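Notes to accompany the following structure.
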Amino acid sequence: MLNTPYEDQPVAFEVAREVLFPADTKTAEADAAAAAVASPKTAPATAPDAARSILDDLAGLNIDLDSLDDLTALDSLLEKAEDAQLFHSFDLQEQMLKSANEREQAEGRLVDRYGGGKELGARGIRTVEEAMEFVKELLRGRVNSLDPDEIADACRAGQGTMLGKEVIQPWELAGVLAGTKDFKRLQEHLKDVLANGSAVDLGRTLRFLEPHAGAVTGSEYEQFRNAGLGRVRDLSEHAELLDGLRKWITPADELLKRAASENPVRALEAARWLLDRFGENLQPRIFDHWADSHSTMPLLSELTKLAVNCPRWESMTSAAYKDWVAEHDAEQKAAQKSVAAGNQPDPNAAAHFQQQWLDVAEQLVGTKLDAGKDLARRVVVDCLERVTEATQFLPMLDAFLERLIFPSDVPAVIAAGKKLGIDERLIYERLGQPLEQLAQNVRDNVNDPDRYKRLIDKIRNIPIELLRELCAKAFGDKNLCGMAALMAVDMAGAAALVPDPFAADACGHKGIGGGMNLLKQWFEGRGRLTDTLRAHVKELARHALTELAFDWIAGGTGNTEGGMVPQNRSRPYRAGDELDQLDLEATLDSIISQGKQLDHITEEDLFVPVQSKGQAAMLVLLDISGSMGGRELANCAISVVMLLGRMAPEEIAIALFESDTHVIKGFVQERDLDEVTDRLLELAATGGTRVDAALRWAYEQFDEVPEAEFRVLFLLSDFEFFESPRDLEALTLSLAAQNVRFLGAAHGRYSKKTADHFQTTLGGQIVNLRNLDAVPGLLMDAIRNVN
């Protein structure tokens, strides 16, 4: 009626009223009934009368139609009728929850779990019996993803027999058997889980038995719990059990001692995972057990691999460093005596000296602990004080600064340089000048972007008081270049000291701090930005990520649309092809398969070789565990976008992993690049490093591309996994059976034992990277050289 032209709407209204409320419906009904009686056999079937249905519904509502002023009032009454149905559905749910019948109560809880009264109303469910059928079907659909309380309520609601036939997972079956009180089968099943299940299976089974632990199955629960904990071999298995149980159980001290003595690195990795998941810190206890097992001071290299934030580690590391320095000095004196005695000096002595000190400093920085980093800064001073040749001093200092390791005592470094005749201005230029120049530029209201760009990469941090002063000056002068430079060094810290609009305008202004720097600052500081500024910076970071990734793509050669692996194939002979280039094998196969005589051969039976490209499948797993910083996360994100833009969709699968596995794309999946970049920009380095689920996903993915003629697994990690090589053996052997080759990339210190296991089982190679800036290039090389 409202769609009718305005001047005709009064007429339309009357027509609509007549359609909905005919003037004499009883007469029409009588005429229709008479016609039906007159010719019962020949009367045609008539469609249901929509108007009649509407009137029946209205009659059921006991509405006084004469009191309705217009259709708006009718709409209001109909809405009230819908509300009445909804109230009835909630009443039904309430009735079930408050029922004295335990079965109905359980059904009520399940109804509440599956949407409550609103869902009952939407499905037109009015009775308890209908509600039970509704619950039954949903339970069937959720088999293999049920939770413990859900199964317990299902058994109380009489659905246990059905679930016993449907469930597959051992933990779900244990919950069903306990819920249906089938204790004989339960005992046999629990024995089987203990004998054949993994630690995670044990934990999950315990979790599904918990709703019944206080009832008649208490004894079975306690026996299984004690047997499961007794089967745990080390802290990693204990952590896997708790992962399945999702509940904290303090490990026995004897287990910690054994774990610390057998494999302390793996034990600490498990402890870090437990800290992340449950908030319980076992690392100091493990370190104490490990330290107690040593009658003499451990080596510094051992302590840096077992970094734990506790006083004992700090004191032992400091003592071990002193021992290392004393041993180094003794070696130097022995070498000097040897030269004084007339022996030839070692031509590699200077390079060896430099590498020794750099290795120690990098190991200490790699601990990620403040105490380790402070000691690394002390290493710079101790090293430079021992340099005896002026030509070695500045290169040695530069080598430390390139690694962003700064001396703890600048005056001591200046003094050491002066002894060798080094101009202190050259030293200050390397140490303090960039920050001093930046501060002076801001104070002088300099607006030259190039001057700022040359400085920001040389500055690691800005003291908070100086940052506050410079931010206030930049804001007062509306100096966007200066503010951009401050944000390029500490985005979150600087942005918090000025209004959001000014910070937003300054971020990346005239390219200052853009590109990789912007991504690094985003990953390191996004959590401390205001919502408004965060959204703005995220868009800038998205643009930077895409641009950097496509810069790598543009540097590649060709494309991979036809596949990455060269293949020798054949095609039919064409006019113009050289006869001496015939593919004799393909030609003879064709002739023989057709049963032709030689004198019947035509040009159509001839084949010539052609080189094409066959399909490959590259699966990339990137470790983003807690050891990853902002720059590392940025390089991982760039690598992912680069791969998606560079390779054919069916040739690339990517996942990121830490404690959990985050799938970016499978081989048979399409992914929108904007969606992917959005996910990548929310990456966070958390948790420990568990690779088993990621490897299982890899196996499933390779299984989905049987046509792939070349398969490669690229794994970027420090290989300090939660699992041992023995735990991973079945998975790596399965991948080997799929003809998967391995390309590993390790950054910094890594577990050579685990990395070697992958290389030995799958073949391939491991590349040790100094930092992750090389990852995109390494992946591009892998694409180009995959054959």
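The values are calculated or read from the model by the stated rules, or taken from the named source; none is laboratory data. Because the structure is predicted, anything quoted here is derived from the model rather than measured. When we count neighbours, we look across all protein chains shown, and the Cβ atoms used for this are built from the backbone with ideal geometry, even at glycine. Surface accessibility is based on the protein's heavy atoms, side chains included, excluding ligands, DNA and RNA. Shrake-Rupley method; radii C 1.70, N 1.55, O 1.52, S 1.80 Å.
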Item checked: Average Cα contact separation per residue, segment 213-340, under 8 Å, 6 or more apart, as relative contact order % -> 17
Next item on the list: Once you have the Cα-Cα distance between residue 472 and residue 343, take 0.36 nm times their residue separation minus that, and quote the gain in nm to one decimal.
Entry: 40.1 nm
Check: When ranked by the protection proxy of mean other Cβ atoms within 10 Å per residue, highest first, what sequence do the peptides 181-187, 393-399 form?
Finding: 393-399, 181-187
Item checked: Separation in nanometres of the label points that stand 7 Å from Cα toward Cβ, at residue 428 and residue 391 -> 2.8
Next item on the list: Project the alpha carbons of segment 424-472 onto their principal axes and report the range along each, largest first, in whole Å.
Entry: 32, 24, 17
Margin query: So, taking all protein chains as they sit and a 1.4 Å probe, how much accessible area belongs to residue 757, in Å² rounded to tens?
Written below: 30
Next item on the list: For an R0 of 45 angstrom, estimate the FRET efficiency from the Cβ-Cβ distance between residue 415 and residue 295 and round to the nearest 0.05.
Entry: 0.70
Notebook entry, point to check: At a Förster radius of 60 Å, what calculated FRET efficiency corresponds to the Cβ-Cβ distance of residue 671 and residue 101, to the nearest 0.05?
Noted result: 0.75
Check: Out of residues 5 or more away from residue 664 or on other chains, whose amide H comes under 5 Å of its own, with H placed 1.01 Å from N in the peptide plane?
Finding: 654, 655, 656
Next item on the list: Determine how large the accessible area of residue 662 is when every protein chain is in place; take a 1.4 Å probe and give Å² rounded to the nearest 10.
Entry: 60
Check: Given the protein chains as shown and a 1.4 Å probe, how many square angstrom of residue 193 are accessible, to the nearest 10?
Finding: 10
Next item on the list: Can you pull the one-decimal nm distance between simple spin-label points at residue 737 and residue 596, each 7 Å off the Cα toward Cβ?
Entry: 4.4
Margin query: Can you sort 465, 707 by solvent-accessible area, 1.4 Å probe, largest first?
Written below: 465, 707
Notebook entry, point to check: So how do 711-720, 8-17 stack up, highest first, on mean other-Cβ count within 10 Å?
Noted result: 711-720, 8-17
Note to self: At 0.36 nm per residue, and after removing the present C-alpha to C-alpha distance, how many nm does the segment from residue 147 to residue 280 gain when stretched out fully?
What the structure shows: 45.4 nm
Check: Using modelled amide H (1.01 Å from N, peptide plane; none on Pro or chain starts), what sits under 5 Å from the amide H of residue 766, excluding residues fewer than 5 places away?
Finding: 744
Next item on the list: Indicate the gyration tensor shape class of segment 254-343 (rounded, prolate or oblate), computed on the Cα atoms with a ≥ b ≥ c the square roots of the eigenvalues: a/c under 1.5 is rounded; otherwise a/b larger than b/c is prolate and the rest oblate.
Entry: prolate
Next item on the list: For residue 401 and residue 703, calculate 0.36 nm times their separation in residues minus their Cα-Cα distance, and state this gained length in nm to one decimal.
Entry: 103.9 nm
Check: What FRET efficiency, computed as 1/(1 + (r/R0)^6) with R0 = 60 Å and r the Cβ-Cβ distance, is obtained for residue 16 and residue 684, rounded to the nearest 0.05?
Finding: 0.50
Notebook entry, point to check: Listed highest first by mean packing, meaning other Cβ atoms within 10 Å per residue, what order do 270-282, 410-422 come in?
Noted result: 270-282, 410-422
Margin query: How large a share of the accessible area of segment 454-546, in percent, is made up of carbon and sulfur atoms when the probe is 1.4 Å and the other protein chains stay in place?
Written below: 54
Margin query: Show me, for segment 715-722, the HN-Hα J-couplings you get by feeding each phi into the Karplus relation (A = 6.51, B = -1.76, C = 1.60, θ = phi - 60°), rounded to Hz, glycine and proline as x.
Written below: 10, 9, 5, 8, 6, 8, 7, 4
Checklist line | Two-site label geometry, residue 318 and residue 547: point separation in nm, points 7 Å out along Cα→Cβ | finding: 4.7
Next item on the list: Read phi for every residue in segment 357-370 and hand back ³J(HN,Hα) as whole Hz from Karplus 6.51 cos²θ - 1.76 cosθ + 1.60, θ = phi - 60°, with x for Gly and Pro.
Entry: 5, 5, 4, 5, 4, 5, 4, 5, 5, x, 5, 6, 9, 4
Note to self: Just to check I understand the Karplus step: with θ = phi - 60° and J = 6.51 cos²θ - 1.76 cosθ + 1.60, what whole-Hz values come out for segment 345-353, glycine and proline as x?
What the structure shows: x, 6, x, 9, 4, 5, 5, 5, 4
